Structure formats: structure tokens, C-alpha cells
Amino acid sequence: MTVNWHERYKEQAGWTRQTREYLLSKVDFALPKKVLDVGCGTGALFPDFEKSNLTGVDIDHGNLRVAIKGDTKKDLVQGDGYHLPFSTGSYDVVFCHYVLLWVRQPILFLEEMKRVLKPGGCLLLFAESDYQARIDTPEVQKQIGNLQNASLEKQGVDLETGRKLAGYLEQIGCTKIMTGVVGGEWDRSTRSATLEQQVLRSDLQKIGVEDIMSSDQAGSLTYIPTFYAMAYR
């Protein structure tokens, strides 16, 4: 099963847009400012910062090639989030989006994000899931959810990342920490359900499960709490 991850990134960005708008409205200074997107992927969040001086950094050159095709105005840099190629205190806002899930040493990663912030700068964690708190129904959907979690753990994901955001920010010495959970809404008529099924099948195949998903998904529900957080240096 091949997943179109560029479309997946755009879908994720779409349904968390209201949260980003809310968080940006609470930032203590007006945009545009000098902004850094850590783990920018294919540039799904670039449209939110059209009026800002935004730099995107990602370790995957393939992602950056896709991103630059979509927006040639952004400054894109290939780099490791643990060793950002920028001077201390370079940015007013530093953020990430669905990145910490995949990070093996989140404290070190966040300390580096904080390092490149200017004093008083804002650190934004727009969306990080908590798979351990997922809700799946009916029973067959629970089985699928348990298998997906097993696959994600095998891939190195910390299933409890979302609930840990505030604690992480406290550990690195941030101030004015705020955290919350993104609301849920399901439109069964949209193609996002198809993308979700593609992601599920891809994860299940990674642990040798070919397909136990029923073609009839009527009445099924999956909710994975997604946390956000903001803080200041």
C-alpha cells in the first residue's frame, strides 16, 4: 500500500488550521516575524505564513524538493532538528507540526528549537497525537487500532506524545506554557476517510497484517486526541 504523504500532510494541516489560527492570535507580538518551521515536510503549513519571513528545515531532501515546487518564495534548508544550522536567538517564532511523535529524544529536540528562539520568542507545537488515549468502536475497530498502535511503536513512535507536551516544555525551562486538545469532527462524505484507511493499511502492513479492515465501515469511529501547546523562551 503506497500512501501519498504529501496529500496526507495537507489533510492534517487542514483539519488543525483553526487551532493554529487560535494559537497565533495569542502570540504576544504581531506577525509577520522571522519564523522557523522545524520538520517542515512538504510545506503543508507554508500558506499560514504567507506574510512572514519563514524558513523551513527538514532532514529529508525528498520532502524539500516537493516543498520548493509548491512555494519557491520560502527559504528551505536541509538540516537535522537536533543540530539546527542557525545561530542562537535567530527567530521570533519556532514551531513544529506532527514531528515530536517521531523524535527519539524530544527534550534534546525541543531544547534546540528553544535555542534558536530570540529571548521572549514563542515556541509553538501545533499538533501531536496521543495514540494511547485513542477511542475506536465497534470491537473490530478496536482490534485495528491496537494493531496500528503496535505498528507505530515498532516504527519508534511514543504513543503518549500528545499528553507529554506541557511536561516537555517545563523541562526545557519555557514560560507561560499553555496546552489543549484539538476538537474532533467527522465528515463521512469526504476523501479524508480514504486517506485514513490508506495510512491504516500502510501501518498494518509494516507488522505483517495485510488487511483485516472491513469494506463496510458503517458506524465505525476512530478518535485520536491531538494536543497542542505554546510557550515562551
With springs only between Cα atoms under 10 Å, which of TYR98, TYR168, TYR22 fluctuates most in a Gaussian network model of the chain?
-> TYR22
Quick one: grab the alpha carbon gyration tensor of the chain, order the square roots of its eigenvalues as a ≥ b ≥ c, and give me rounded if a/c is under 1.5, else prolate or oblate depending on whether a/b is larger than b/c.
-> prolate
At GLU153 and LYS51, where each label point lies 7 Å from the Cα along Cα→Cβ, what is the point-to-point distance in nanometres?
-> 4.6 nm
So how do 137-146, 52-61, 33-42 stack up, highest first, on mean other-Cβ count within 10 Å?
-> 33-42, 52-61, 137-146
Give the angle, between 0 and 90 degrees and rounded to the nearest 10, that separates the Cα long axis of helix 61-70 from the longest principal axis of the Cα atoms of the chain.
-> 80 degrees
To the nearest 10 degrees, the tilt of helix 17-26 (Cα long axis) against the first principal axis of the alpha carbons of the chain is 30 degrees
Using only helices, what value at 222 nm comes out for the chain when you add -39,500 (n - 2.57) per DSSP H run of length 4 or more and divide by the total residues, to the nearest 500 deg cm²/dmol?
-> -10000 deg cm²/dmol
What does the charge count near THR88 come to, summing +1 for each Lys or Arg and -1 for each Asp or Glu among other residues with Cβ under 15 Å from its Cβ?
-> +2
Per-peptide average of other Cβ atoms within 10 Å, ordering 203-209, 91-97 highest first | 91-97, 203-209
Highest GNM mean-square fluctuation among SER151, SER25, SER90, for the chain with Cα springs under 10 Å, belongs to SER25
Measure nothing but the geometry: give the 0 to 90° angle between the long axis through the Cα atoms of 139-154 and the longest principal axis through the Cα atoms of the chain, rounded to 10°.
-> 40 degrees
Modelled FRET efficiency - R0 22 Å, VAL199 with ALA133, Cβ distances, 0.05 increments = 0.75
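If I take R0 = 41 Å and measure r between the Cβ atoms of ARG115 and VAL66 in this structure, what FRET efficiency does the formula 1/(1 + (r/R0)^6) give, to the nearest 0.05?
0.90
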So between LEU221 and LYS142, what do we pick up on full extension, going 0.36 nm a residue minus the alpha carbon distance?
-> 27.5 nm
As straight-line cross-link partners of LYS206, the qualifying lysines (C-alpha separation under 28 Å, not fewer than 8 residues apart within one chain) are LYS10, LYS142, LYS154, LYS164
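None of the figures in this text is laboratory data; all of them are computed from the coordinates on show. Source: prediction; values computed, not measured. Neighbour counts are summed over all protein chains in view; Cβ atoms, including those assigned to glycine, are modelled from backbone coordinates with ideal geometry.
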